[in-house]
1. Can you grab the distance from the C-alpha centre of the stretch 87-111 to the C-alpha centre of the stretch 4-72, Å, no decimals?
2. Give me the distance in nm between label points sitting 7 Å out from Cα along the Cα-to-Cβ direction at VAL5 and ASN83, one decimal.
3. How long, wide and thick is the chain, going by the Cα atoms along their three principal axes, in whole angstroms, largest first?
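None of the figures in this text is laboratory data; all of them are computed from the coordinates on show. Since this is a predicted model, take the numbers as computed values, not measurements. Don't worry about glycine lacking a Cβ; one is built from the backbone with ideal geometry, like all the others, and counts go over all protein chains shown.
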Amino acid sequence: QVHLVESGGGLVQAGGSLRLSCAASGSIGSILAMGWYRQAPGKQRELVARIFSGGSTNYADSVKGRFTISRDNAKNTVYLQANSLNPEDTAVYYCNLDLGRVGFWGQGTQVTVSS
C-alpha cells in the first residue's frame, strides 16, 4: 500500500504565502513524478505543478513565477511553496504520486485566500 500525507494548508490573506508538504510512504518503488493539483468548487481538478524524477518541472500558467515545487528524494516528500496568493488560488490541493503504471492521491488540504 501507498500512503500520502499532506500538510500545510490553511487560511491566508491575499499576498501571503503557504508551504504545502506531501510525504509518501509504503511500497513505492520507482517514482516517475510527484505533483500538486487543485480543485475549486464547481471546477475540474487541474494541475498546479509537477516535478519529475530527474528534477524537471512544469507549472500551470496561472502559478508560474509565484509557486515553486521541490522534492526531497530521500524522504519521498514533495513541497509546494506558494507565494503572492490571491483569492483565485482558493481550492483543495491534492498531492499526486505517479509511479508510471499507477498513480495515487492524497486526501487533499484546503487552501483559502481571503481578499
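1. 7
2. Modelled inter-label distance: 2.9 nm.
3. The principal-axis extents, from largest down, are 42, 24, 23 Å.
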